[in-house]
Amino acid sequence: LLARHYNIAALKENGFHKVSLADGSKRGGLLTSAAFLTMTSTGDRTSPIIRGAMIMDQFLNNPPPPPPPNVPELKEASDEPIPIRKMIEMHQEKAQCSSCHAKIDPIGFGLESFDAIGCWRSVEILSKSKHVELNSRGHLPDGTQFHDADSFKRSLMLHKRSLAQSLAEGFYAYGLGRNISFADRDELARLVQSWGDDKYRLRSLIH
């Protein structure tokens, strides 16, 4: 079933299997997995806001602040079906939303070519009779530009150290069974450095 969802050759056996992807495949890595893409959607549409916030937090180790109270829902931006990018731009016009969304949303647009359940798409369907061409352009907080899912993933690869720091903190807290404190920073810095020296192999971090 998952192979059919990804539009790759089906396997006879159930369970998880390592597969080779065709040249030019849009899949590969956690970001393009159906689980990640579905988890960062609202159920009926994509959410560049949720996806951008998740990537800032877990991949760039720079969690955005929680939203202020009484923030209006995106669907309240317009009574007519409009593209998600336009809906978010209207949402950003509100003063209490603009400062954070200016950092979060441009990141999440990098995955707009995947719909709410992680299927690849070339257009955004607004209604039975109306659809628009997708726009996956955006940028990271440091200004790095991307124009589609592939260039988005390549831009994230320029920040391996941030992802390594995030993963190391997660494993560290899990291993010790407590939250990280300021006193752990030197030890974490040493851990990430030694992990990088071993090309960020996960086995090395766990050891």
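The values are calculated or read from the model by the stated rules, or taken from the named source; none is laboratory data. Bear in mind the structure is a predicted one, so any value in this text is a computation, not a measurement. Ideal geometry is used to build each Cβ from the backbone, glycine not excepted, and the neighbour counts take in all protein chains shown. Calculation scope for accessible area: heavy atoms of the full protein, side chains included, ligands and nucleic acids excluded. Shrake-Rupley method; radii C 1.70, N 1.55, O 1.52, S 1.80 Å.
Evaluated with a Cβ-only charge set (Lys, Arg +1; Asp, Glu -1), region 49-207 carries a dipole of roughly 420 debye about its Cα centre, given to the nearest 20. Per residue, region 96-207 exposes 62 Å² of solvent-accessible protein surface, assessed with a 1.4 angstrom probe and all protein chains in place. In this view, the solvent-accessible surface of Leu202, computed with a 1.4 Å probe and all protein chains in place, comes to about 80 Å². Note on the chain: GNM, Cα springs under 10 Å; of Ala189, Ala116, Ala149, the largest mean-square fluctuation is that of Ala189.
From helices alone, the chain scores -12500 deg cm²/dmol at 222 nm; the rule is -39500 (n - 2.57) for each run of n ≥ 4 DSSP H residues, then divide by the residue total. Close amide H contacts of Ala116 (hydrogens built in the peptide plane, cut-off under 5 Å, sequence separation of 5 or more or a different chain): Thr46.
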